[in-house]
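Please treat every number below as a calculation from the coordinates, not as lab data. The structure presented is a predicted model; accordingly, all values stated were derived computationally and were not measured. Neighbour counts are summed over all protein chains in view; Cβ atoms, including those assigned to glycine, are modelled from backbone coordinates with ideal geometry.
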Amino acid sequence: MWTLVRVALMTSKKAIYPGTFDPITIGHFDIVKRAANIFDHVIIGVAAESTKKTLFSVQERAEIIAEELKNSALQNVSVKLFGGLLIDFAAQESAFTIVRGLRAASDFEYEFQLSYINHKMNNKIETVLLPATENSHYISSTFVKEIVRLGGDISKFVSTDVEERLKKKFKINS
Ligand code: COA
């Protein structure tokens, strides 16, 4: 029996879906759900070090995602924050597939370079690109933050909980 368990663990397909997630949008969540259908386990990796100046701290970003997961039916998705290189985090988690969403042709060049450089640094790492659905291909966390800051309606782009978090951050009354 233990051998069976060990074999199952060795062959189970884990993937990492990394990002800044400042904050997570319905577009990100769509990728999470689809990745969870493909892989045995999906780890949402929240990057602590980002070239972006973030609104939420890395702990807050991970906490928001944990709440979203709690409210979902997804059983095979977890969230972890990571610092340093993504490939090192992937190796540490024994998850050699990286999932990224592709919203438009303009994303392609960046994603292609990122996947290539990660593979060059560790040739065990492969990247799977999932095309965003037509309902989410135009969403970005930056747009969402800008809209809420200027008093617009973001209910089509983020969950109610994320909307509340954003309003609280910008001190906007609901
Ligand atoms: N739906 C909605 N929005 C989406 C999306 C989707 N399916 N896919 C991407 N986006 C948006 C995000 O909201 C984000 O918008 P923003 O720029 O306005 O914040 C943008 O597209 C891209 O963000 P994200 O997917 O979070 O990726 P990122 O570029 O912020 O993160 C890391 C890139 C974290 C994966 C990368 O920097 C990394 O691996 N960092 C660790 C250090 C490292 O190893 N670097 C690699 C070697 S250089």
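Taking other C-beta atoms within 10 angstrom as a stand-in for reagent exposure, Asp30, Asp88 fall in the order Asp88, Asp30, fewest first. Selection among Ile154, Ala104, Phe21 by position relative to the dipole of the chain gives Phe21 as farthest towards the positive end (Cβ unit charges, Cα centre).
Going down the list Lys145/Lys171; Lys70/Lys167; Lys70/Lys171; Lys52/Lys145; Lys13/Lys52, which pairs span over 23 Å between their C-alpha atoms?
Working: Lys145/Lys171 13 Å; Lys70/Lys167 21 Å; Lys70/Lys171 25 Å; Lys52/Lys145 13 Å; Lys13/Lys52 31 Å.
From Lys145/Lys171; Lys70/Lys167; Lys70/Lys171; Lys52/Lys145; Lys13/Lys52, over 23 Å: Lys70/Lys171; Lys13/Lys52.
Please say if the stretch 86-126 is rounded, prolate or oblate, where rounded means a/c under 1.5 for a ≥ b ≥ c the square roots of the C-alpha gyration tensor eigenvalues, and otherwise the choice is prolate for a/b larger than b/c and oblate otherwise? Don't skip to the end; give the middle numbers.
Numbers: a/c = 3.19, a/b = 1.91, b/c = 1.67.
Cα axes put the stretch 86-126 in the prolate bin.
Using a cutoff of 8 angstrom between alpha carbon atoms and counting only pairs six or more residues apart, the relative contact order for the stretch 21-174 works out to 28 percent.
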